[in-house]
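Student: Here you go, one structure.
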């Protein structure tokens with residue numbers, strides 16, 4: 001039986017600074033739970049984003065415009081994974097879903 005990698009890092013540059021987010025590898029891509037400087041004021045406490053599986057060179061694109069709210073943003077009946085400390089970006093990500101409209 002072959003083993004497969006279940007987690008790893010997505011490394012990217014944002015505002016000239018290299019950033020690293022840990023994600024989980026699945027059949028649909030790399031799922032990342034992240035926080036950023038907008039959390040609590042302009043956005044929910046954290047969000048999810050899925051990057052496509054890496055190509056033959058190991059490259060992928062992380063598109064924060066596709067960030068989405070976790071199920072627990074909509075109901076207290078859901079339990080969601082929290083971002084690890086290294087997945088909390090010190091910069092604002094003003095893209096994707098940010099707040100639930102009530």
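Student: Looking only at 66, 57, 20, which one moves most when the chain is put into a Gaussian network model with springs between Cα atoms under 10 Å?
Tutor: Of 66, 57, 20, the Gaussian network model singles out 57 as fluctuating most.
Student: Over all distinct Cα pairs, what is the inverse of the mean 1/r for the chain, reported as the Kirkwood hydrodynamic radius in Å? Present the calculation step by step, with values, prior to reporting the outcome.
Tutor: Values: mean 1/r = 0.0696 Å⁻¹.
Evaluated on the chain, it is 14.4 Å.
Student: Another question, if that's okay. Compute the relative contact order of the chain as a whole-number percentage, counting only Cα pairs closer than 8 Å that sit 6 or more residues apart in sequence. Before the final figure, lay out each step's value.
Tutor: Details: 177 pairs, mean separation 26.7, N = 102.
Value for the chain: 26 percent.
Student: Moving on to the next point. If Rh is defined by the Kirkwood formula over all Cα pairs and Rg also comes from Cα, what ratio Rg/Rh do you get for region 49-96? Intermediate results must be reported in sequence, preceding the final value.
Tutor: Numbers: Rg = 13.5 Å, Rh = 13.0 Å.
Radius of gyration relative to Kirkwood radius: 1.04.
Student: With 10 angstrom as the radius, rank 9, 43, 75 by how many other C-beta atoms surround their C-beta, starting from the fewest. Could the numbers behind the result be given before it?
Tutor: Numbers: 9 14, 43 23, 75 8.
Exposure proxy ranking, most exposed first: 75, 9, 43.
Student: Pick from 58, 23, 45: which is most flexible by mean-square fluctuation in a GNM of the chain where alpha carbon atoms under 10 Å apart are linked?
Tutor: 58
Student: Moving on. Does a label point 7 Å from the Cα of residue 60, set along Cα-to-beta-carbon, have any residues of region 17-38 with amide nitrogen under 14 Å, and which are they?
Tutor: Residues passing the 14 Å test: 20-34.
Student: P(r) for region 31-72, please, calculated from all Cα pair distances in 5 Å bins and given in %.
Tutor: Percent of Cα pairs in each bin: 6, 22, 26, 20, 12, 7, 5, 1.
Student: Packing-wise, with mean Cβ within 10 Å as the measure, how do 10-17, 49-56 rank, highest first? Numbers along the way, then the final one.
Tutor: Working: 10-17: 10.8, 49-56: 14.2.
In descending order of packing, they fall as 49-56, 10-17.
Student: Hey, another quick one. Choose one answer from 34, 78, 64: the residue with the largest mean-square fluctuation in a GNM of the chain with alpha-carbon springs under 10 Å.
Tutor: Evaluated over the chain, the most mobile residue of the options is 78.
Coordinate-derived values only; no laboratory data. Quick caveat: nothing in here was measured; it's all calculated off a predicted structure. In this analysis, Cβ positions are derived from the backbone assuming ideal geometry, glycine residues included, and neighbour counts consider all displayed protein chains.
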